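Input: a single structure, listed below in structure tokens.
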């Protein structure tokens, strides 16, 4: 005997899982829509500041902002780049603090080989 009910139950289970996931994600962030929008705008400003610094190679730096606290992750090839990234991010109006999680990688391209 072919039963149609298991498909409905499966659909309901999938819908419930998606709903619970959405609720869990929104509950864990604890930020309002306005706060998230402000954080996205601030991250864009920090990205722009890093990109405008011609002394800094920022392609491997990721930016996350939560309530004005900027987290920089990724990697750079020199300690100078780490410091530039921090200084550039701190100079953006609205940045409360900068959490540096950038890893210093060895084996970067030397100035002699970049010509």
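Each reported figure results from applying straightforward, stated rules to the coordinates on display, with no laboratory input. Computed from a predicted structure; not experimentally measured. For neighbour counting, all protein chains shown are included, and Cβ atoms are generated from backbone atoms with ideal geometry for every residue, glycine included.
Worth a mention:
- Over segment 59-100, Cα pairs under 8 Å with separation of 6+ residues give a relative contact order of 42 percent.
- In a fully extended conformation the segment linking residue 77 and residue 48 would gain 8.4 nm over its present Cα-Cα distance, using 0.36 nm per residue.
- Efficiency of FRET between residue 103 and residue 33 - r from beta-carbon atoms, R0 30 angstrom, step 0.05: 0.35
- Rounded, prolate or oblate (a/c below 1.5 giving rounded, otherwise prolate when a/b exceeds b/c) for segment 31-115 by Cα gyration tensor: prolate
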